[in-house]
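Just below is one structure, and these are the notes that go with it.
The values are calculated or read from the model by the stated rules, or taken from the named source; none is laboratory data. Everything numeric here is computed off the predicted structure, so don't read it as measured data. Using ideal geometry, Cβ is built from the backbone for each residue, glycine included, and neighbour counts are taken over all protein chains shown. Areas reflect the complete protein model, heavy atoms only, side chains present, ligands, DNA and RNA absent. Shrake-Rupley method; radii C 1.70, N 1.55, O 1.52, S 1.80 Å.
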Amino acid sequence: MKLILIRHAEPDTGDGPRPDPPLSAAGREQSAALAAWLAGEELSAVYTSPLLRARETAAVLSAAAVPVAGLAEVGGAGEYVAAEVLRRNGDPRYAALLSGDLAVYGADLAVFRATVVAAIDGIVGRHPGETVAVVSHAGVINGYLGSHLGIGSRLIWSAIDYTGVTRVLASRDGTRTIWALNELPHPCGQPKEMSLWRAGS
C-alpha cells in the first residue's frame, strides 16, 4: 500500500507557547497548498494525530479524518514550542529531543517509538493495496521511519518541514520503502529532499 506521512502545517504561536495551538494564517495557506498538491491522489482514508494543529491540517484532505492517539507528538497536548524556536533559543529541550532523551517531556524513547510504530503499522494493516494519508508530527514521522531504518541512537534524524510529505511503500512482508522524503507543497525557499531507502521491518 501507499502510505503518505504528512507533518502538520504551521501552528499559531504568535502569543508565545501554549498548549495544543490551532494553525496560524500561514499554516492555513500551507494546508490549502497541501490539498492542491495531493489533489490527484485517490485517498482511501485519512488519519490524524488528535492534536489540533494536525486535525486542522487533515481536515483539508478529508472531513472524515480519523484521530489516532498513537500519532500524537512527544509531549502530547502540553505546551507547544516549535523545534526551530528551541534551537534558536539554545533550549536544552532541543538537544534532548534530537538525542531521544525524552525524560524532560515525561516520555521514554522506546515506548514512544513502539507506540508510533504500532499505530502506523496498524493503519497499514487495515488498508492493503490502498493509498492512505497520515497527518502527524516531525517526531512521529522520524520515530516511525527511524525504527524501520534501524536508527536507534536518536529520535530526530531528518528535518521534516510544515506540511512536508513523505511517501512510503508498505509491503505485506513488513518491508518499508521510502519513496520520497519531505516533499514541500508550499514555497518556503528550500529544495525538495528526495530519497530512496529500503528497510526491513
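Per-structure values
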read-out	value
Fully extended contour minus Cα-Cα distance, from residue 66 to residue 39, at 0.36 nm per residue	7.8 nm
Per-selection Kirkwood Rh - the chain (Cα, Å, 1 d.p.)	16.8
Solvent exposure, largest accessible area first (probe 1.4 Å, DNA, RNA and ligands not counted), of 157, 37	37, 157
Beta bridge orientation in the chain: antiparallel %, DSSP, nearest 5	55
Local net charge near residue 54, Cβ-Cβ under 9 Å (Lys/Arg +1, Asp/Glu -1)	+1
Over the chain: helical MRE at 222 nm, DSSP H runs n ≥ 4 each giving -39500 (n - 2.57), nearest 500	-9500 deg cm²/dmol
Length gained when the stretch residue 82-residue 13 is fully extended (0.36 nm per residue, less Cα-Cα span)	24.0 nm
Centroid-to-centroid separation of the range 1-78 and the range 117-146 [C-alpha atoms, Å]	14
Residues with amide H under 5 Å from that of residue 80, placed H, sequence gap 5 or more	18, 20
Exposed trypsin sites (Lys or Arg not before Pro) absent: longest stretch of the chain, with sites in DSSP loops and at most 13 other Cβ within 10 Å deemed exposed	1-171
Derived scalar couplings ³J(HN,Hα) [the range 61-78; Karplus, 6.51 cos²θ - 1.76 cosθ + 1.60; whole Hz; x for Gly, Pro]	9, 6, 6, 10, 4, 9, x, 10, 4, x, 9, 6, 6, 3, x, x, 8, x
Check: the range 82-161 dipole with +1 on Lys, Arg Cβ and -1 on Asp, Glu Cβ, in debye	100
Residue 91-residue 127 FRET efficiency (beta carbon distance; Förster radius 35 Å; 0.05 resolution)	0.35
Cα-centre dipole for the range 1-137 with unit charges at Cβ (Lys and Arg positive, Asp and Glu negative), debye to 20	120
